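First comes the structure, then the notes that go with it.
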Amino acid sequence: RRNYFKLGAAFYWAGYPEQALPYLDEVVRQTPENDKALNAIGQIHLDRGRLPQARSFLERAVAANPALGEAWNNLGGVELGAGNLDAALRNYRRAIALLPKAAYPLVNAGEIEAQRGDANAGAKLFLRALEVDPKDAEAPNQLGMLAAREGRNAEAKEWFEKAIALRRDYAGAINNLGVLYSQMGQSNDAVAAFEYGVRVAPDDEVLYMNLGRIYVKLGERAKARDVMLRLLERKPDNAAAAKALRELEGR
């Protein structure tokens, strides 16, 4: 007999979540209380922004297994997507209790605390995440963003650099470092950061756009035009790059 769960998982981890769904749906049809399949389906819907479907499957998952921390974490994502910060935080805290060796629910809860305006509570959770998993790159990136918001630029720079050292192609941290350099008036360092970013994370559109803006700021419009062309070569349907290119060529 086919192992539909393994087939679904194979498609999911290969980067084809939608193709995984029919196999996972078959698992649930055959075993309606299969908590792992229910959670996997819920996560796929969550990642695609289909919140009602995600909620339905994830609530079934925690009903089948109230100790499934991954499902509580995903339910936190559903509540966050729906704008229910208090409910999201409750679910993330359940996940923290059930997954004591995982960094990601701590980071997720920390982000909620930061959004709610409690930077200290957020920082404590991010630091706990680093203690749980010193190789987690998201926690130092979040600590860098907290420091940058409070004007602690040197500290923010150190946190972003730590995140990039942990994950050299971490586009979010690279972009944050480039933006920080730009805000500090260090345009050449910003260019270096964004150029590094488009080299190691060539599918991240934000890095190209910010690099183009820096070149325009420096008066190097030809280089900005080249950046937009590089992005359009990789992603021909990018409307923002096409618009920026028209503006650059029209002057």
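For residue 88, state whether it is without any contact (Cβ under 8 Å) to a residue 60 or more places away in the chain and closer than 21 Å to residue 160 by Cβ. No. Basic (Lys, Arg), under 23 Å from the mean Cα position of the chain (by Cα) and modelled with pLDDT of 95 or more - does that describe any residue in region 227-238? Within region 227-238, not a single residue is basic (Lys, Arg), under 23 Å from the mean Cα position of the chain (by Cα) and modelled with pLDDT of 95 or more. Among the residues of region 169-203, those that are acidic (Asp, Glu) and out of contact with any Phe, Trp or Tyr (no Cβ under 8 Å at 6 or more places or on another chain) comprise 169, 195, 203. Within region 207-219, one or more residues are out of contact with any Cys (no Cβ under 7 Å at 6 or more places or on another chain), part of a helix (DSSP H, G or I) and exposed (fewer than 15 other Cβ atoms within 10 Å of the Cβ).
For region 45-87, a tally of residues being open to solvent by 50 Å² or more (accessible area, probe 1.4 Å) and either at pLDDT below 95 or not hydrophobic (A, V, I, L, M, F, W, C) (or both) returns 16. Within region 180-196, residues that are hydrophobic (A, V, I, L, M, F, W, C) reach no partner that is at pLDDT below 95 with beta carbons closer than 7 Å at six or more positions or on different chains. A single member of 100, 105 is surrounded by 17 or more Cβ atoms within 10 Å (Cβ to Cβ) and either modelled with pLDDT of 95 or more or in contact with a Pro (Cβ under 7 Å, 6 or more places away or on another chain) (or both), and it is 105.
Here residue 112 meets the list (1) surrounded by 18 or more Cβ atoms within 10 Å (Cβ to Cβ); (2) outside any helix (DSSP H, G or I) almost entirely, failing just condition (2).
Which residues, counting only those in region 16-72, are farther than 16 Å from residue 92 by Cβ and of a type in the set (Phe, Trp, Tyr)? Within region 16-72, 16, 23, 57 qualify.
Listed by first and then second residue, the pairs with beta-carbon distance under 7 Å, at least 6 apart or on different chains, first residue in region 124-136 and among the acidic types (Asp, Glu), second buried (at least 17 other Cβ atoms within 10 Å of the Cβ), are 133/103; 136/103; 136/129; 136/130. Pairs meeting the criteria (first residue in region 232-246 and touching a residue at least 24 places away in the same chain (Cβ under 8 Å), second residue open to solvent by 60 Å² or more (accessible area, probe 1.4 Å) and part of a helix (DSSP H, G or I), beta carbons under 7 Å, at least 6 apart or on different chains) are 235/205; 238/205.
Condition test on residue 131, is it part of a helix (DSSP H, G or I), under 23 Å from residue 178 (Cβ atoms) and either modelled with pLDDT under 95 or open to solvent by 60 Å² or more (accessible area, probe 1.4 Å) (or both)?
Details: part of a helix (DSSP H, G or I): yes; under 23 Å from residue 178 (Cβ atoms): no; either modelled with pLDDT under 95 or open to solvent by 60 Å² or more (accessible area, probe 1.4 Å) (or both): yes.
No; evaluated as a whole, the condition is false for this residue.
In the set 241, 201, only one residue is of a type in the set (A, V, I, L, M, F, W, C) and within 20 Å of the chain's Cα centre (by Cα); that residue is 201.
The values are calculated or read from the model by the stated rules, or taken from the named source; none is laboratory data. As the structure is a computational prediction, the values presented were derived from the model and not from experiment. Neighbour counts run over all protein chains shown; Cβ positions are idealised from the backbone, glycine included. Surface areas here come from the heavy atoms of the whole protein model, side chains and all, with no ligands, DNA or RNA. Shrake-Rupley method; radii C 1.70, N 1.55, O 1.52, S 1.80 Å.
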